[in-house]
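The values are calculated or read from the model by the stated rules, or taken from the named source; none is laboratory data. This is a predicted model, so every value here is computed, not measured. Here the Cβ positions follow ideal geometry from the backbone for every residue, glycine too, while neighbour counts run over all protein chains shown. Heavy atoms of the whole protein, side chains included, go into the accessibility calculation; ligands, DNA and RNA do not. Shrake-Rupley method; radii C 1.70, N 1.55, O 1.52, S 1.80 Å.
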Amino acid sequence: MQLYGSTSSPFVRRLRLLLAERPHEFISLNIFESADRERLIALNPTRKVPMLSDGEQVVFDSGVIYRYLTQKFALSPLSWPQENLLTIINAANDSLVELLLCKRSGFDVRDNKLFFNLQHERVQATLKILNSKVSAGEFQQWDYLSMSLYCLVDWICFRELVDMQPFGALLQFKIAHQDEVGVAETDPRLG
């Protein structure tokens, strides 16, 4: 089983954490470098990471890969409330990735433009909800949902995209889980 992805992607990292104690090979790709980009294009028509190859089966998208791994390893699937929490995490991740790509493309993401404003609003709203859910004890177990949240919060801190001071519970959550299996080895700062 091979997991393809970049070392800095929070979507890839959550799967690396899930697979930390399971046999697999991680194949690191720099999707903005031409040779790795060409390799990705040849393997995956969506041109996105992560991607999983398991024998003849190829799976795209972190959510679909998670469902595949849930079946393969007989893991408990997410409940509907957990699915909703994952959707909130993904919304924050998606908006932040979009803002980072716009910033890297030379746009001033602080401009008063509809697209930027919507992304900033979504990020603030989702982080506020996630912060309150952590405070209420919603992320007690170290499972895929908590791994996904950890990857989001750590990636925000790594990229310095959001002032996290208003979200103390999320910062405490990050500190509380920094020693979990695979966290140090998958740190995006190492890539």
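Examine the stretch 103-110 for a residue that is assigned to a helix (DSSP H, G or I), more than 26 Å from residue 58 (Cα to Cα) and of a type outside the set (Val, Ile, Thr), and state whether such a residue exists. Within the stretch 103-110, one or more residues are assigned to a helix (DSSP H, G or I), more than 26 Å from residue 58 (Cα to Cα) and of a type outside the set (Val, Ile, Thr).
For the condition of a type in the set (Ser, Thr, Tyr), free of Cβ contacts under 8 Å to residues at least 40 places away in the same chain and under 25 Å from residue 189 (Cα atoms), residue 34 qualifies. Considering 29, 75, 86, the condition of being surrounded by 17 or more Cβ atoms within 10 Å (Cβ to Cβ) and either at pLDDT 95 or above or over 24 Å from residue 185 (Cα atoms) (or both) is satisfied by 86 alone. Which condition number in (1) in contact with a strand residue (DSSP E or B) (Cβ under 8 Å, 6 or more places away or on another chain); (2) under 20 Å from residue 152 (Cβ atoms); (3) open to solvent by 40 Å² or more (accessible area, probe 1.4 Å) is the one that residue 19 fails? Of the numbered conditions (1) in contact with a strand residue (DSSP E or B) (Cβ under 8 Å, 6 or more places away or on another chain); (2) under 20 Å from residue 152 (Cβ atoms); (3) open to solvent by 40 Å² or more (accessible area, probe 1.4 Å), the odd one out for residue 19 is (3).
In the stretch 49-65 there is no residue that is open to solvent by 40 Å² or more (accessible area, probe 1.4 Å), within 25 Å of residue 184 (Cβ to Cβ) and assigned to a strand (DSSP E or B).
What is the residue count in the stretch 102-115 for residues that are closer than 16 Å to residue 159 by Cβ and open to solvent by less than 70 Å² (accessible area, probe 1.4 Å)? Number of matching residues: 2.
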